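Novice: Before anything else, here's the structure in question.
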Amino acid sequence: MENQIYKYSEEFARELDENDPLRGYRSKFYFPKVNGREAIYFCGNSLGLQPKSVKEYIGKELDNWANLAVDGHFFGEDAWYHIRKKSKPALAAIVGSHEHEVVAMNNLSSNLHFLMVSFYRPTKEKFKIITEAGAFPSDMYMLETQVKFHGLDPNETIIEIHPRSGEHTLRTDDILNTIAEHKDQLALVMMAGLQYYTGQLFDMEAITKAGHEAGANVGFDLAHAAGNAPLRLHDWGVDFAAWCSYKYMNSGPGNISGVFIHERHAESPELPRFAGWWGHDEGERFKMEKGFKPMFGADGWQLANSNVLALAAHQASLDIFEEAGIKNLRAKSELLTGYLEFLIGQISGDSGILEIITPKNKQERGCQLSLLVNKGGKKVFDALYEEGIVGDWRHPNVIRVAPTPLYNSYLDVYQFARILEQSLQKFA
Ligand SMILES: *Cc1c(COP(=O)(O)O)cnc(C)c1O
């Protein structure tokens, strides 16, 4: 499908849908309504849709709680004491890791702080952090306050990589050169895997290699990459990563995060960490004794016993991912986003009204396209919403649209294009 020929026609879009092996998954999700009509939902990058199976998964745990109460911790196959194991196969497939390298816990911002406790260990010589400019605000605040926690000045410690003038995304060479340039003082590279604003998917393998050559740890915030882009965290040698599960992973607003910790750190009790009883050796946990002994692998970073209801919703979604298959999802995603890109090109041509700032190269993006609106501004976006398109507007002038391969169709993309065309005619 390298040279897919696209057409701007409803008939063509319907034909693609008929030939889509994943078309059945759409009916497994609830779609919201806008102005009384089922929305064209392109906002899975912000909050994924609810799988219809969620109620049943949560209901089962509510029943266990009602019928078993405290015995639910140890009773049966799905005993809550072992519930963390359930999500591991699907999570490992999504991020490309071994099962012992991943665990679902806490929330994303909390997890990245906890991981930096272990993996950001500034010394007099090596203390700098490299990140991308314009990172998601939570990440900026995390870095700023971690640095201050160590008594350092953020302005002298955090190196932000900017796009070149006139460009919107980062060149891999510029990232690698910045790492090399600061290597004597570099402690950590921590950045997005997929940039939330531009939709750029970074070359995590090359960045990790460069970071390690500079003697630094390398970690990624995968909020926009997990469940969206192909990942091979283990093979790439990434030290740590974390993500949230409510964006592309459809697990519900604010739901549990996941972490990856490379197996080279699996048995490192000397790595400092902020521990809790749930990271302590499971066999001895209920001895309630002094002296923290971390569990093997990512489990050793757990703190608290998990919210079982949250995990149930998470599992409903993970089971869908496992069934659909990561490779199949990516294959459709490339075609679907390729179609969106093609149609936007048909509509705006080289008029300069719209500019796609997400990289053209499929290897450098997930499903999201970020459209710079050079004329018409937010009016264009508001008009889209009135017609039932749910995307999102990012200050000062970017519309992000993310057709996801699990629940969006080629017809969605076609209809979006028609409505966009009308909106541009009115306002741009
Ligand atoms: C969505 C997002 C977050 C959100 O963090 P929470 O702790 O889940 O609220 C953080 N970082 C990035 C890059 C994000 O895209």
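Novice: Could you give the nm distance between label points at F292 and K362, where each point is 7 Å from its Cα heading toward the beta carbon?
Specialist: 4.5 nm
Novice: Also, quick follow-up: How large is the charge dipole for the chain, taken about the Cα centre, if only the Cβ atoms of Lys, Arg (+1) and Asp, Glu (-1) carry charge, to the nearest 20 debye?
Specialist: Result for the chain is approximately 600 debye, rounded to the nearest 20.
Novice: Cα-based Rg of the stretch 6-71 per 2.2 N^0.38 Å, rounded to two decimals?
Specialist: 1.68
Novice: Over every pair of different alpha-carbon atoms in the stretch 78-322, take the mean of 1/r and invert it; report that Kirkwood radius in Å.
Specialist: Taking every pair of different Cα atoms in the stretch 78-322, averaging 1/r and inverting gives 18.3 Å.
Novice: Where the only charges are on Cβ atoms (+1 Lys, Arg; -1 Asp, Glu), what is the dipole of the stretch 78-322 about its Cα centre, to the nearest 20 debye?
Specialist: The calculated dipole for the stretch 78-322 is roughly 520 debye.
Novice: Can you give me the orientation-averaged projected area of the convex hull built on the Cα atoms of the stretch 35-192, in nm²?
Specialist: 15.3 nm²
Novice: At 1.4 Å probe size, put F75, F416 in order of accessible surface, largest to smallest.
Specialist: F75, F416
Novice: Would you mind working out the accessible area per residue for the stretch 78-322, using a 1.4 Å probe, and quoting it in Å²?
Specialist: 39 Å²
Novice: For the chain, with a Gaussian network of springs between Cα atoms less than 10 Å apart, report the residue from F119, F149, F292 with the top mean-square fluctuation.
Specialist: F149
Novice: A further question follows. Apply the a/c threshold of 1.5 to the C-alpha gyration tensor of the stretch 77-147 and tell me whether it is rounded, prolate or oblate.
Specialist: prolate
Novice: Let me ask something else. Using only Cα atoms, what is the ratio of the radius of gyration of the chain to 2.2 N^0.38 Å?
Specialist: 1.02
Novice: Which of A226, W236, G283 sits farthest toward the positive end of the charge dipole of the stretch 218-291, with +1 on the Cβ of Lys and Arg and -1 on the Cβ of Asp and Glu?
Specialist: So the residue we want is A226.
Novice: Still on this structure, I have one more. Pop out the carbon and sulfur fraction of the accessible area of the stretch 280-382 as a percent, whole number, probe 1.4 Å.
Specialist: Carbon-and-sulfur percentage of accessible area, whole number: 51.
Novice: Which order do you get for L108, L115 if you rank them by accessible area with a 1.4 Å probe, largest at the top?
Specialist: Per-residue accessible area, sorted high to low, gives L108, L115.
Novice: How much net charge surrounds A266 when only other residues with a Cβ under 10 Å from its Cβ are counted (Lys, Arg +1; Asp, Glu -1)?
Specialist: Neighbourhood net charge equals -3.
Novice: How would K327, K379 rank on accessible area, largest to smallest, probe 1.4 Å?
Specialist: Per-residue accessible area, sorted high to low, gives K327, K379.
Novice: Take the alpha-carbon centre of the stretch 378-408, take the same for the stretch 68-116, and report the distance between them in whole Å.
Specialist: So the two Cα centres are separated by 33 Å.
Novice: Obtain the nm distance between the two label points defined at M140 and E284 by a simple spin-label model: each point lies 7 Å from its Cα along the Cα-to-C-beta direction.
Specialist: Placing both labels 7 Å along Cα→Cβ, they lie 4.5 nm apart.
Novice: Per-residue accessible area for E18 at 1.4 Å probe radius, Å² rounded to 10?
Specialist: Answer for E18: close to 130 Å² accessible.
Novice: Rounded, prolate or oblate: which one fits the stretch 138-206, using the alpha carbon gyration tensor with axes a ≥ b ≥ c (rounded when a/c is under 1.5, else prolate when a/b beats b/c, else oblate)?
Specialist: prolate
Novice: What's the magnitude of the charge dipole for the stretch 66-216 around its Cα centre, counting Lys and Arg as +1 and Asp and Glu as -1 at the beta-carbon? Answer in Debye, nearest 20.
Specialist: It works out to roughly 300 debye.
Novice: Separate question: Provide the net charge surrounding N35, with neighbours chosen by a C-beta distance below 14 Å and charges set as Lys +1, Arg +1, Asp -1, Glu -1.
Specialist: -2
Novice: Lys/Arg Cβ at +1, Asp/Glu Cβ at -1, dipole of the stretch 78-322 taken about the Cα centre: which of I158, A206, S87 is farthest positive-ward?
Specialist: S87
Novice: Only helices at least 20 Å long along their axis, Cα-based, and averaging -1.0 or more on Kyte-Doolittle count here, so list those DSSP H runs from the chain.
Specialist: 54-68, 308-324, 326-348, 410-427
Novice: A further question on this structure: As a check on your grasp of the helix formula, calculate [θ] at 222 nm for the chain: sum -39500 (n - 2.57) over DSSP H runs of n ≥ 4, divide by the residue count, round to the nearest 500.
Specialist: -11000 deg cm²/dmol
Novice: Suppose we keep just the alpha-carbon trace of the stretch 232-274; what are its Rg and Dmax in angstrom?
Specialist: Values for the stretch 232-274 (Cα only, Rg and Dmax): 13.0, 36 Å.
Novice: Under a 10 Å cutoff between Cα atoms, tell me which one of T123, T404, T337 has the largest fluctuation in the Gaussian network model of the chain.
Specialist: T123
Novice: Which of S53, S97, S27 ends up with the largest GNM mean-square fluctuation for the chain, with Cα atoms connected below 10 Å?
Specialist: So, out of S53, S97, S27, the one fluctuating most is S27.
Novice: Another question about this same structure. Counting Lys and Arg as +1 and Asp and Glu as -1, what is the net charge of the other residues whose Cβ lies under 9 Å from the Cβ of Y197?
Specialist: Within the 9 Å Cβ shell, the charges total +2.
Novice: Rounded to the nearest 10 Å², what accessible area does H73 show when all protein chains are kept and the probe is 1.4 Å?
Specialist: About 60 Å², rounded to the nearest 10.
The values are calculated or read from the model by the stated rules, or taken from the named source; none is laboratory data. Given the structure is predicted, the values throughout are model-derived calculations rather than measurements. Quick reminder, even Gly has a Cβ in these numbers, built from the backbone with ideal geometry, and neighbours come from all protein chains shown. SASA here: full protein model, heavy atoms, side chains in, ligands and nucleic acids out. Shrake-Rupley method; radii C 1.70, N 1.55, O 1.52, S 1.80 Å.
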